[in-house]
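Undergrad: Please read through the structure below; I'll follow up with questions.
The values are calculated or read from the model by the stated rules, or taken from the named source; none is laboratory data. Small disclaimer: the values here were computed from a predicted structure and weren't measured. Methodologically, a virtual Cβ is constructed for each residue, glycine included, from the backbone with ideal geometry; neighbour enumeration extends over all protein chains shown.
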Amino acid sequence: MTEIVRIENLHKSFGPLEVLKGIDLTVDSGETVVLLGSSGSGKSTLLRCVNFMETPSEGQVSLHGELVGSENNGGMQYRERELCKLRTRIGMVFQHFNLFPHMTVLGNVMEGQVTVLGRSKPEAEDKARQQLERVGLADKAEEYPARLSGGQKQRVAIARALAMDPDVMLFDEVTSALDPELVGEVLKTMRQLAEEGMTMLVVTHELGFAYHVANRVLFLHEGTILEQGEPQKVLKDPETTRMREFLEGHSLFKLPD
Amino acid sequence: MVEWNFLAVLSDIDLLLLGLGNTLVVTALALAFGIPLGLFLALSRLSTIRPLSVGSAFIIEFFRTTPPLVQLFWFFFALPILIDVRMTPFIAAIVTFSIQSSAFFAEVFRGGILSIDKGQWEGAKAIGMTYGQSLRRIVLPQAVKRMIPAFMERSIELLKTTTLVSTVAYADLMFQANDLAQKTFRPLEVYTVVAVIYFLLIFTFSQISIAVEHRLARSGESTVR
């Protein structure tokens with residue numbers, strides 16, 4: 001297995017608050033890794049450190065074995081240009097979609113390709129239409145985002161990220177802002193991506209998705225990885241009390257069998 | 001009983017029209033320089049580089065809080081003493097109103113940029129855009145749409161403020177009116193006509209501005225999601 005993302009001894013503080021307290025994690029090609037944890041556990045921050053939406057306070061991140069940034073007397077130094085280039089290789093999907101409302105769906109999916117990667121417009125349009133097809137929204141290409149449902153917006157956001165041909169995709173609670181009946185279509189798209197072999201790092205509260213799709217589940221608690229392993233093991237037979245409590249909280253109102 | 005006689009004014013209406021032309025030239029040039037300069041000041045003020053943001057904040061506040069007439073006199077009478085320039089009324093007018101309006105436009109730009117949801121910056125950043133690309137392609141196009149009413153408002157203010165240039169003998173509409181009033185001994189008719197010209201000009205502008213505003217409101221661009 002080729003290693004795509006490697007995170008070593010990652011720390012992140014916001015002022016006096018240390019959110020991540022030394023995380024080590026590698027994600028291999030084609031793997032889907034799900035990060036679980038209660039709010040404030042640091043799972044979103046960890047995800048955002050992978051593509052440097054947040055700059056780590058300490059520790060190192062590598063993509064394809066290449067260290068991001070350069071070492072400079074003990075600390076790490078990052079240049080903005082290098083980070084921009086890095087982000088073109090890491091797709092990210094957000095909780096609130098962050099689509100560009102002044103552009104059509106097609107425009108949204110073409111934008112990064114044209115402005116950042118310098119692809120020609122016809123080439124970018126072809127690629128954009130392919131990706132919209134892939135998420136099942138080929139017929140919405142000419143619409144503006146305001147006319148789409150939440151689930152459709154999120155699938156456009158996924159297409160926008162995919163159009164950059166990323167090595168890995170980051171999903172940051174992408175179904176949390178959706179009406180319950182729209183969650184399924186987004187999870188289905190993500191599952192399909194996982195099955196096509198996309199490398200994915202997913203922060204979610206959807207335990208069903210973790211159980212059925214993830215190769216590996218990590219449980220974060222107070223900035224450290226408390227437990228990790230295959231979903232069937234971690235979700236069914238957790239080792240720590242904290243993880244057990246977390247799972248119970250999620251299944252309090254399960255329908256009777 | 002006062003007798004109204006517009007004949008004297010109307011026979012010399014070309015003088016007033018010349019002044020109107022000069023008024024429009026000063027306004028247009030002040031806008032042409034003031035808007036880009038305003039964007040530059042706004043970006044500087046928003047910058048994380050401290051000397052830059054403090055410096056531009058100072059310039060903006062200084063020109064917003066001093067009377068435009070003082071600024072105009074300063075550039076016309078005081079600046080030539082400090083440095084070796086030959087100030088004409090025209091140049092003093094352009095310099096004063098470009099900088100003065102840029103200070104106001106800077107605040108309009110800043111407000112517009114800050115009103116854009118930070119998710120838009122993040123969305124742009126996540127596909128690898130630089131700060132400049134995010135600003136140019138994503139943030140400004142949305143911000144400018146929201147700023148149009150404020151821009152129109154400021155431009156109208158500017159047009160009115162340019163009457164001050166008559167005090168340094170620049171032949172704008174107001175200056176020509178003073179001239180004509182003295183020549184014809186008909187201040188009543190002259191200033192009435194001038195008021196009507198300003199009214200028609202600005203009323204038309206503001207009607208256009210209202211129409212644009214309505215159209216923007218109807219297109220109902222929701223910018224957050």
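Undergrad: Of the residues that make up region B:73-85, is at least one touching a helix residue (DSSP H, G or I) at 6+ places or on another chain (Cβ under 7 Å), closer than 22 Å to B:ILE35 by Cβ and either more than 14 Å from chain A (Cβ to nearest Cβ) or free of Cβ contacts under 8 Å to residues at least 40 places away in the same chain (or both)?
TA: The first filter runs over region B:73-85 and keeps only residues touching a helix residue (DSSP H, G or I) at 6+ places or on another chain (Cβ under 7 Å), leaving B:75-76, B:85.
Add one more test, that the residue is closer than 22 Å to B:ILE35 by Cβ, and what stays is B:75.
Now narrow it down to the ones that are either more than 14 Å from chain A (Cβ to nearest Cβ) or free of Cβ contacts under 8 Å to residues at least 40 places away in the same chain (or both): B:75.
Checked region B:73-85: at least one residue is touching a helix residue (DSSP H, G or I) at 6+ places or on another chain (Cβ under 7 Å), closer than 22 Å to B:ILE35 by Cβ and either more than 14 Å from chain A (Cβ to nearest Cβ) or free of Cβ contacts under 8 Å to residues at least 40 places away in the same chain (or both).
Undergrad: Among the residues of region B:164-198, what is the count of those that are free of Cβ contacts under 8 Å to residues at least 40 places away in the same chain and within 18 Å of B:ALA28 (Cα to Cα)?
TA: 2
Undergrad: Mind checking whether some residue in region B:200-209 is surrounded by 19 or more Cβ atoms within 10 Å (Cβ to Cβ), out of contact with any Pro (no Cβ under 7 Å at 6 or more places or on another chain), modelled with pLDDT under 95 and of a type in the set (Ser, Thr, Tyr)?
TA: No, region B:200-209 contains no residue that is surrounded by 19 or more Cβ atoms within 10 Å (Cβ to Cβ), out of contact with any Pro (no Cβ under 7 Å at 6 or more places or on another chain), modelled with pLDDT under 95 and of a type in the set (Ser, Thr, Tyr).
Undergrad: Another question, then. Kindly provide the set of residues from region A:225-245 that are farther than 20 Å from A:LEU47 by Cα, out of contact with any Asp or Glu (no Cβ under 7 Å at 6 or more places or on another chain) and not acidic (Asp, Glu), ordered by number.
TA: Once the filter is applied, which keeps residues that are farther than 20 Å from A:LEU47 by Cα, out of contact with any Asp or Glu (no Cβ under 7 Å at 6 or more places or on another chain) and not acidic (Asp, Glu), region A:225-245 yields A:GLN232, A:LYS233, A:LEU235, A:LYS236, A:THR241, A:ARG242, A:ARG244.
Undergrad: Name, by its number, the condition in (1) more than 30 Å from A:LEU170 (Cβ to Cβ); (2) at the interface with chain A (Cβ under 10 Å from one of its Cβ atoms); (3) more than 19 Å from the chain's Cα centre (by Cα) that does not hold for B:LYS145.
TA: Condition (3) is where B:LYS145 drops out.
Undergrad: Which of the residues spanning region A:87-104 are more than 19 Å from A:LEU47 (Cβ to Cβ) and among the hydroxyl-bearing types (Ser, Thr, Tyr)?
TA: A:THR104
Undergrad: Filter region A:205-244 down to the residues that are among the acidic types (Asp, Glu) and surrounded by 12 or more Cβ atoms within 10 Å (Cβ to Cβ) and list them by number.
TA: So in region A:205-244, the residues among the acidic types (Asp, Glu) come out as A:206, A:222, A:227, A:230, A:237, A:239.
Across region A:205-244, the qualifying residues are A:GLU206, A:GLU222, A:GLU227, A:GLU230, A:GLU239.
Undergrad: For A:GLU196, indicate whether it is farther than 20 Å from A:ARG87 by Cβ and in contact with a Gly (Cβ under 8 Å, 6 or more places away or on another chain).
TA: Taking the combined requirement at face value, the residue does not satisfy it.
Undergrad: Here are A:ARG242, A:ARG216: which of them is in contact with a Leu (Cβ under 9 Å, 6 or more places away or on another chain) and among the basic types (Lys, Arg)?
TA: A:ARG242
Undergrad: Of everything in region B:110-136, what is free of Cβ contacts under 8 Å to residues at least 24 places away in the same chain, small (Gly, Ala, Ser) and more than 7 Å from every other protein chain (Cβ to nearest Cβ)? Give them in sequence order.
TA: B:ALA124, B:GLY132, B:SER134
Undergrad: Which residue pairs have Cβ atoms under 7 Å apart, sit 6 or more places apart or on different chains, and have a first residue in region A:150-166 that is surrounded by fewer than 24 Cβ atoms within 10 Å (Cβ to Cβ) and a second that is in a helix (DSSP H, G or I) and of a type in the set (D, E, K, R)?
TA: Going by the 7 Å Cβ cut-off, the qualifying pairs are A:GLY151/A:GLU185; A:GLN152/A:LYS140; A:LEU162/A:ARG134.
Undergrad: Considering every residue within region A:121-139, establish whether at least one is surrounded by 23 or more Cβ atoms within 10 Å (Cβ to Cβ), closer than 30 Å to A:HIS205 by Cβ and of a type in the set (Lys, Arg).
TA: no
Undergrad: Something else: Look through region B:7-31, keep the residues that are touching a residue at least 12 places away in the same chain (Cβ under 8 Å) and farther than 30 Å from B:PHE185 by Cα, and return whichever of them is surrounded by the fewest Cβ atoms within 10 Å (Cβ to Cβ).
TA: Only one residue fits best here, namely B:LEU29.
Undergrad: Further, regarding this structure: Can you name the condition, by its number, that A:GLU71 falls short on among (1) in contact with a strand residue (DSSP E or B) (Cβ under 9 Å, 6 or more places away or on another chain); (2) charged (D, E, K, R); (3) within 12 Å of another protein chain (Cβ to nearest Cβ); (4) surrounded by fewer than 22 Cβ atoms within 10 Å (Cβ to Cβ)?
TA: Looking at each condition in turn, A:GLU71 falls short on (3).
Quick grid of which residues meet (1) closer than 22 Å to A:GLU3 by Cβ; (2) in contact with a Cys (Cβ under 8 Å, 6 or more places away or on another chain); (3) modelled with pLDDT under 90:
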site: A:GLY208; (1), (2), (3): no, no, no
site: A:TYR211; (1), (2), (3): no, no, no
site: A:GLU230; (1), (2), (3): yes, no, no
site: A:ASP237; (1), (2), (3): no, no, yes
site: A:MET243; (1), (2), (3): no, no, no
site: A:LYS254; (1), (2), (3): no, no, yes
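Undergrad: If you don't mind, there's one more thing I want to ask. Which of the numbered conditions does A:LYS85 fail, given that it passes all the others? Conditions: (1) surrounded by fewer than 21 Cβ atoms within 10 Å (Cβ to Cβ); (2) closer than 28 Å to A:THR224 by Cβ; (3) at the interface with another protein chain (Cβ under 8 Å from one of its Cβ atoms).
TA: (2)
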